[in-house]
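A.B. asks: Dropping a structure here in structure tokens format, bear with me for questions.
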Amino acid sequence: MTAQISVNVIFATTNANTPPGAAAVSSLPSAADREQLSLRTPETGDLARSAARVADELLAPAAPVRLTDVVPAPEQVRPEPADDHLLTADTVIRVSADAAALAVAEHLAELLRPATGYPLPVTDAADPESDRGIVLALTGDETLGPEGYRLDVTRDRVRITAAQPAGLFYGVQTLRQLLPPVVESRTPVAGRWTLPGGSILDRPHYPYRGAMLDVARHFFPVSEVLRVIDHLARYKLNQLHLHLTDDQGWRIPVPGWPRLTEVGGATEVGDGPGGHYSTADYRRIVAYAAARHITVVPEIDLPGHTNSALVAYGELAPDRVAPQPYTGTEVGFSYVDPASERTYEFVADVLGEVAANSPGPFLHIGGDEAFKVKGTAYTDFVERVQRIVADTGKTVVGWHQIAPAAHLDGRVVQWWGTDGDDPTTAEAVRRGARLILSPGNHAYLDMKYAPDTPLGQDWAGLVDVRRAYDWDPGSHLTDVPAEAVLGVEAPLWTESVTTLPEIEFMLFPRLPALAELGWSPRSTHDWDGFRERLAGHGPRWAAAGIAYHASPELPWPVAAANATDASGAAVSTDPAAALGTSTDPASEADPATESAPVTESAAIPSQRRPDTAPDPA
Ligand code: TNX
């Protein structure tokens with residue numbers, strides 16, 4: 001006992017005065033001291049272990065990641081450099097006895113086990129705070145809100161507290177970012193797993209923080225959608241909008257309308273085979289997202305963008321004649337007949353089925369670019385479809401073209417314009433609509449970064465990282481108060497995006513920029529600080545095998561400039577090189593169902609292989 005105390009004193013006094021990175025060698029217990037300690041009392045094993053741990057901590061370099069490096073920036077950060085915490089092979093994760101909290105703890109363990117190689121057992125406990133290790137505790141602290149958390153890192157313990165499991169989940173994402181980048185490796189890496197000491201208090205600014213994936217222009221298999229979900233989760237996004245139908249393909253089955261997927265799903269932009277999800281596939285996506293506190297927002301684009309439905313069912317077309325399949329990239333030519341009752345039967349069947357498989361509150365009806373359905377034909381159609389959505393119990397969302405239609409309680413309008421002075425949208429807000437902001441010239445992730453970006457479009461301008469970051473959702477639209485803004489969403493249209501590495505290339509590094517606008521308090525907004533913090537994530541993405549765009553706007557760490565990594569991603573400022581990766585069809589992620597444990601979707605290895613794997617130390 002006495003020995004134990006003196007060991008702790010050595011440790012506390014020495015380390016507080018030790019400059020970061022310097023080892024306090026002179027104060028270390030010598031091998032002889034340690035031998036002495038272990039001989040003096042009956043608890044020899046404990047003491048020897050304790051002394052070994054102290055020696056280890058005293059030799060420790062400062063944590064390689066700073067507490068202030070988190071993206072999105074937390075509300076409050078208080079570093080305590082003397083309080084770094086070292087994870088060890090003995091670390092245990094203790095969690096409140098609550099099924100959803102337990103799932104978060106398992107998620108954390110599964111994130112950390114591959115790289116650390118540590119067992120990290122999870123135990124639920126009435127009093128999770130009773131011991132050392134990582135503690136995830138649900139407390140009654142409602143000031144944190146439904147998604148907020150507190151993280152305290154001390155030498156003895158890492159503690160995440162939250163009012164709700166979602167808060168614990170976001171605390172876990174923060175914790176993950178505080179470990180060395182190679183924590184993203186899917187295979188064990190020898191190294192020190194040090195977390196920077198101090199505390200974070202964090203809550204999101206907006207309740208809606210989303211990204212959209214267009215699976216209609218190009219179809220992406222379930223495994224790739226799951227990987228995109230993982231990317232959203234890293235940056236505390238909580239909505240995945242899936243654009244499920246468009247002229248080029250119909251991706252979701254509807255009972256009674258089998259040709260929608262059989263015929264309408266068999267195409268995509270170009271000459272690819274297209275595809276569709278089964279109902280089980282869709283539910284799996286929804287469950288995998290839910291396990292990451294992400295809600296799927298399904299979109300059925302109406303009345304335009306419907307050529308694939310018309311190919312399958314000519315009876316929906318204004319002339320009752322099925323058109324040819326369309327695999328180009330023009331918009332605005334197709335529409336279901338707004339004057340036909342059969343159209344509304346179709347719409348009710350489709351929206352009813354999608355609503356039944358989507359536990360989230362929102363149902364997106366598109367409404368954009370229906371150039372051939374004009375005036376009251378258009379607004380009458382939208383009003384009727386809004387009521388069909390309300391009958392399913394869901395809240396309707398539509399692109400901002402639906403603004404002139406009559407208001408329905410709770411209605412949400414998604415802004416995608418490029419000129420924020422839009423009286424029609426402002427008027428819809430005055431009538432009660434809430435807003436999701438996706439301005440094309442800031443939030444559209446299908447826009448090119450620069451003129452030489454090998455993918456993407458430029459009709460809304462070039463969207464480099466700074467442009468993605470430097471705008472304010474709360475004041476973006478003229479005559480729209482900040483209170484009307486539900487949040488932000490970054491859409492990725494896929495006319496030119498055909499593979500998972502291409503998706504990732506367009507998401508990274510812009511998705512974290514949009515995520516920060518959705519999560520962080522405006523007071524933290526600062527491009528210079530952001531670009532530094534974000535650049536530090538390059539090695540992390542490389543270790544996760546993410547094919548990111550090494551934008552010249554960011555001061556990448558030197559190691560990342562010639563990045564190779566544990567899982568094989570190559571990173572280059574040459575976009576073509578970053579895209580010289582391919583997906584491995586065998587790396588299908590584990591299914592995430594309510595009964596199955598939560599498992600991160602497998603990293604998709606690239607063809608490029610590193611010669612060496614970096615060490616985190
Ligand atoms: C506009 S944004 C569209 C999409 C295209 C996109 C390409 C919106 C609601 N409609 O149909 O895919 O531009 O950037």
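The values are calculated or read from the model by the stated rules, or taken from the named source; none is laboratory data. Please read these numbers as outputs of a predicted model, since none were measured by experiment. Reconstructed Cβ throughout: ideal geometry from the backbone, glycine too, with neighbour counts over all protein chains shown.
A.B. asks: For the list (1) surrounded by 19 or more Cβ atoms within 10 Å (Cβ to Cβ); (2) within 14 Å of the ligand (Cβ to nearest atom); (3) of a type in the set (Ser, Thr, Tyr), I need the number of the one condition that TYR277 fails.
C.D. replies: (2)
A.B. asks: Just one of PRO253, PRO258 is away from the ligand (no atom under 16 Å from the Cβ) and free of Cβ contacts under 8 Å to residues at least 12 places away in the same chain; which is it?
C.D. replies: Details: PRO253 fails: free of Cβ contacts under 8 Å to residues at least 12 places away in the same chain.
Only one candidate qualifies: PRO258.
A.B. asks: Filtering the range 326-349 down to residues that are of a type in the set (A, V, I, L, M, F, W, C) and more than 14 Å from the ligand (Cβ to nearest atom), which residue is surrounded by the most Cβ atoms within 10 Å (Cβ to Cβ)?
C.D. replies: Residues of the range 326-349 of a type in the set (A, V, I, L, M, F, W, C): 331, 333, 336, 339, 346-348.
From the residues that got through so far, the ones that are more than 14 Å from the ligand (Cβ to nearest atom) too are 336, 339, 346-348.
Details: VAL336: 25, ALA339: 10, PHE346: 23, VAL347: 21, ALA348: 16.
Across the range 326-349, the extreme among qualifying residues is VAL336.
A.B. asks: Same structure, new question: I'm trying to understand the selection: among the residues of the range 93-121, which are at pLDDT 95 or above, of a type in the set (A, V, I, L, M, F, W, C) and assigned to a loop (DSSP other than H, G, I, E, B)?
C.D. replies: LEU120
A.B. asks: What are the residues in the range 70-83 that are under 18 Å from TRP193 (Cα atoms) and buried (at least 20 other Cβ atoms within 10 Å of the Cβ), if any?
C.D. replies: Across the range 70-83, the qualifying residues are VAL70, ASP83.
A.B. asks: Can you work out which of the residues in the range 33-78 that are assigned to a loop (DSSP other than H, G, I, E, B), touching a strand residue (DSSP E or B) at 6+ places or on another chain (Cβ under 9 Å) and farther than 30 Å from VAL488 by Cα is modelled with the lowest pLDDT?
C.D. replies: It comes out as ALA60.
A.B. asks: I want to confirm something. Restricting to the range 392-409 and keeping residues that are under 17 Å from GLY210 (Cα atoms) and surrounded by 21 or more Cβ atoms within 10 Å (Cβ to Cβ), which single residue is nearest to the ligand (Cβ to nearest atom)?
C.D. replies: Only one residue tops the list, namely TRP399.
A.B. asks: Only one of (1) modelled with pLDDT of 95 or more; (2) under 30 Å from PHE508 (Cβ atoms) fails for PRO81. Which number is that?
C.D. replies: Only one criterion in (1) modelled with pLDDT of 95 or more; (2) under 30 Å from PHE508 (Cβ atoms) is unmet by PRO81, namely (1).
A.B. asks: So which residues in the range 430-455 are more than 14 Å from the ligand (Cβ to nearest atom), of a type in the set (A, V, I, L, M) and touching a strand residue (DSSP E or B) at 6+ places or on another chain (Cβ under 7 Å), if there are any at all?
C.D. replies: Of everything in the range 430-455, those that are more than 14 Å from the ligand (Cβ to nearest atom), of a type in the set (A, V, I, L, M) and touching a strand residue (DSSP E or B) at 6+ places or on another chain (Cβ under 7 Å) turn out to be ALA433, LEU435.
A.B. asks: All but one of (1) within 26 Å of the chain's Cα centre (by Cα); (2) more than 26 Å from PRO501 (Cβ to Cβ) hold for ASP230; state the number of the condition that does not hold.
C.D. replies: Only one criterion in (1) within 26 Å of the chain's Cα centre (by Cα); (2) more than 26 Å from PRO501 (Cβ to Cβ) is unmet by ASP230, namely (2).
A.B. asks: Mind counting the residues in the range 356-381 that are hydrophobic (A, V, I, L, M, F, W, C) and without any contact (Cβ under 8 Å) to a residue 40 or more places away in the chain?
C.D. replies: First, pick out the residues of the range 356-381 that are hydrophobic (A, V, I, L, M, F, W, C): 356, 362-363, 365, 370-371, 373, 377, 381.
Subset that is without any contact (Cβ under 8 Å) to a residue 40 or more places away in the chain: 356, 377.
Number of matching residues: 2.
A.B. asks: In the set VAL389, VAL412, VAL354, which member is farther than 21 Å from TRP459 by Cβ and within 15 Å of the ligand (Cβ to nearest atom)?
C.D. replies: Working: VAL389 fails: within 15 Å of the ligand (Cβ to nearest atom); VAL354 fails: within 15 Å of the ligand (Cβ to nearest atom).
Residue meeting the stated conditions: VAL412.
A.B. asks: Just give me the residues in the range 134-147 being surrounded by fewer than 24 Cβ atoms within 10 Å (Cβ to Cβ) and of a type in the set (A, V, I, L, M), in sequence order.
C.D. replies: Just the residues of the range 134-147 that are surrounded by fewer than 24 Cβ atoms within 10 Å (Cβ to Cβ), to begin with: 135, 137-147.
Result: VAL135, ALA137, LEU138, LEU144.
A.B. asks: Could you list all residues from the range 465-495 that are small (Gly, Ala, Ser) and on the phi < 0 side of the Ramachandran plot?
C.D. replies: The first filter runs over the range 465-495 and keeps only residues small (Gly, Ala, Ser), leaving 468, 474-475, 482, 484, 487, 490.
Selection gives ALA468, GLY474, SER475, ALA482, ALA484, ALA490.
A.B. asks: Are any of the residues in the range 456-471 more than 16 Å from the ligand (Cβ to nearest atom), out of contact with any strand residue (DSSP E or B) (no Cβ under 8 Å at 6 or more places or on another chain), within 22 Å of HIS241 (Cα to Cα) and touching a residue at least 60 places away in the same chain (Cβ under 8 Å)? First the steps, then the outcome.
C.D. replies: Narrowing the range 456-471 to residues more than 16 Å from the ligand (Cβ to nearest atom): 464-466, 469-471.
When the remaining residues are screened for being out of contact with any strand residue (DSSP E or B) (no Cβ under 8 Å at 6 or more places or on another chain), the result is 464-466, 469-471.
Keeping just the survivors that are within 22 Å of HIS241 (Cα to Cα) gives 465, 469, 471.
Adding the requirement that they be touching a residue at least 60 places away in the same chain (Cβ under 8 Å) leaves 465, 469.
Within the range 456-471 (the criterion being more than 16 Å from the ligand (Cβ to nearest atom), out of contact with any strand residue (DSSP E or B) (no Cβ under 8 Å at 6 or more places or on another chain), within 22 Å of HIS241 (Cα to Cα) and touching a residue at least 60 places away in the same chain (Cβ under 8 Å)), the answer is yes, since at least one residue qualifies.
A.B. asks: Report, by residue number, each residue of the range 466-485 that is under 15 Å from TYR206 (Cβ atoms) and surrounded by fewer than 22 Cβ atoms within 10 Å (Cβ to Cβ).
C.D. replies: TRP471, ASP472, GLY474, SER475, HIS476, PRO481, ALA482, GLU483, ALA484
A.B. asks: Scan (1) within 15 Å of the ligand (Cβ to nearest atom); (2) surrounded by 17 or more Cβ atoms within 10 Å (Cβ to Cβ); (3) over 18 Å from TYR344 (Cα atoms) for the single condition ASP419 breaks and write down its number.
C.D. replies: Condition not satisfied by ASP419: (2).
A.B. asks: Are any residues in the range 351-368 of a type outside the set (S, T, N, Q) and crowded, with 18+ Cβ neighbours inside 10 Å, and if so, which ones?
C.D. replies: The initial filter retains those residues of the range 351-368 that are of a type outside the set (S, T, N, Q), namely 351-356, 359-368.
Scanning the range 351-368 gives LEU351, GLU353, VAL354, ALA355, GLY360, PHE362, LEU363, HIS364, ILE365, GLY366, GLY367, ASP368.
A.B. asks: Quick one: count up the residues across the range 84-113 that are surrounded by fewer than 19 Cβ atoms within 10 Å (Cβ to Cβ), closer than 18 Å to THR194 by Cα and among the small types (Gly, Ala, Ser).
C.D. replies: So the answer is 1.
A.B. asks: Is it fair to say ARG150 is assigned to a helix (DSSP H, G or I), at negative phi, surrounded by fewer than 24 Cβ atoms within 10 Å (Cβ to Cβ) and of a type outside the set (Val, Ile, Thr)?
C.D. replies: Values: assigned to a helix (DSSP H, G or I): no; at negative phi: yes; surrounded by fewer than 24 Cβ atoms within 10 Å (Cβ to Cβ): yes; of a type outside the set (Val, Ile, Thr): yes.
So ARG150 fails the test.
A.B. asks: May I ask you to list the residues in the range 287-311 that are touching a strand residue (DSSP E or B) at 6+ places or on another chain (Cβ under 7 Å) and away from the ligand (no atom under 16 Å from the Cβ)? Walk me through it before giving the result.
C.D. replies: Looking only at the range 287-311, we keep the residues that are touching a strand residue (DSSP E or B) at 6+ places or on another chain (Cβ under 7 Å), and these are 289, 294-306, 308-309.
Answer for the range 287-311, where residues must be touching a strand residue (DSSP E or B) at 6+ places or on another chain (Cβ under 7 Å) and away from the ligand (no atom under 16 Å from the Cβ): ALA289, ILE294, THR295, VAL296.
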